[in-house]
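Student: A single structure is presented below for examination.
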Amino acid sequence: MKVGVLALQGAFIEHEKKLEKLGVECIELRQKKDLEQDFDGLILPGGESTVQGKLLKELDMFDILQKRIQDGLPTLATCAGLILLAKEIENQNQTYFSTIPMTVKRNAYGRQLGSFHTIEEMKGIGKVPMTFIRAPYIESVQDGVDILSKVNDNIIAVQYKKQLALAFHPELDEDDSIHQYFINMIKKSTM
């Protein structure tokens, strides 16, 4: 099993360390030719969604990745990655991959000072630590989107087909259960 980690900007190294700890090989996706390699899953890390979206287009990676996600490539998206997958972004006309029918609110908890840590229940996993940094949340979802977790009545984790989108950063906590859940998603999709 091999997972491609979008490595243009943001917290991608932490995801790679998690996967390697769990015995999964990673490849960094930095340019168009990296997309020619075989990989079984994709991670869209936290960071700045506008910067990531701009770089994906400039490097001619956007359309290829969008099609692979639409075609069912298992994808784990955290924080900015969640914004990249949203069909709608509140107070913003521009969207990115638009592969999950949901509306997202950017910087929903305010700036850096609005960052926080909690432990909450996640459907299919149990209690997990959650670190939110300038995090978005999901305002609404459409049919077919499975809500996996809420914090203070805000949707913060969803699954849609083979896409797992989280408003928080599981790569920053010791707990490996979310990355293990994603690995299991990949295994199921390759059966």
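Any read-out appearing in this document is the output of simple, stated calculations on the displayed coordinates, not a laboratory observation. These numbers were taken from a predicted model, which means no experiment stands behind them. For neighbour counting, all protein chains shown are included, and Cβ atoms are generated from backbone atoms with ideal geometry for every residue, glycine included.
Student: Is segment 81-191 best put as rounded, prolate or oblate by its Cα gyration tensor, with a ≥ b ≥ c the root eigenvalues, rounded for a/c under 1.5, and otherwise prolate when a/b is larger than b/c, oblate when not? Write out the running numbers ahead of the final one.
Tutor: On the way: a/c = 1.80, a/b = 1.11, b/c = 1.62.
In terms of gyration-tensor shape, oblate.
Student: If you take every residue apart from THR99 with its C-beta less than 11 Å away from the C-beta of THR99, what net charge results, scoring Lys and Arg +1 and Asp and Glu -1? Walk me through the numbers before you get to the answer.
Tutor: Values: positive: LYS67, ARG68, LYS87, LYS161, LYS162; negative: ASP71.
That works out to +4.
Student: Right, here's the next one. Under the rule of at least 5 residues apart or a separate chain, name every residue whose amide H is placed under 5 Å from the amide H of GLN163.
Tutor: Those qualifying (amide H under 5 Å, at least 5 residues apart or on another chain) are THR75.
Student: What share of the DSSP beta bridges in segment 2-189 is antiparallel, in percent to the nearest 5?
Tutor: Working: 22 of 40 bridges.
Taking every DSSP beta bridge within segment 2-189, about 55 percent pair in antiparallel fashion.
Student: Could you work out which residue, out of THR99, THR50, THR118, moves most in a Gaussian network model of the chain, that is, has the largest mean-square fluctuation with Cα springs under 10 Å?
Tutor: The residue that fluctuates most here is THR118.
Student: Using helices alone, what [θ] at 222 nm do you get for the chain, with -39,500 (n - 2.57) per DSSP H run of 4 or more residues, divided over all residues and rounded to the nearest 500? Can you show the working numbers first?
Tutor: Values: 5 runs with 48 residues, N = 191.
After summing the helix terms and dividing by residue count, I get -7500 deg cm²/dmol.
Student: Still on this structure, please answer the following. Order these by the 10 Å Cβ neighbour count, fewest first: GLU139, GLU174.
Tutor: Working: GLU139 16, GLU174 6.
The fewest-first ordering by Cβ neighbours comes to GLU174, GLU139.
Student: Still on this model: Quick one: order CYS26, CYS79 by neighbouring beta-carbon count within 10 Å, fewest to most.
Tutor: Numbers: CYS26 21, CYS79 27.
Arranged by neighbour count, lowest to highest, CYS26, CYS79 become CYS26, CYS79.
Student: Ranked by Cβ crowding within 10 angstrom, fewest neighbours first, how are PHE132, PHE116 ordered? List each step's numbers first, then the result.
Tutor: Values: PHE132 21, PHE116 13.
Result, fewest neighbours first: PHE116, PHE132.
Student: Turning to a different aspect of this structure: Roughly how many whole Å is it from the C-alpha centroid of segment 129-190 to that of segment 14-57?
Tutor: 17 Å
Student: Right, something else. Count the net charge of all other residues whose Cβ sits under 10 Å from the Cβ of ILE178, scoring Lys and Arg as +1 and Asp and Glu as -1. Numbers along the way, then the final one.
Tutor: Details: positive: LYS18; negative: GLU171, ASP173, ASP175, ASP176.
Taking every other residue near ILE178 into account, the sum is -3.
Student: Compute, for segment 1-128, the length of the dipole vector about the Cα centre, with Cβ point charges of +1 (Lys, Arg) and -1 (Asp, Glu) only. Units Debye, rounded to 20. If you can, show how the numbers build up before the last one.
Tutor: Details: 17 positive and 18 negative charges, 63 e Å.
It comes to approximately 300 debye.
Student: With Cα extents along the principal axes in Å defined as stated, name the option among (i) 42, 36, 33; (ii) 57, 36, 29; (iii) 49, 44, 33 computed from the structure displayed.
Tutor: Given (i) 42, 36, 33; (ii) 57, 36, 29; (iii) 49, 44, 33, the structure-derived one carries the label (i).
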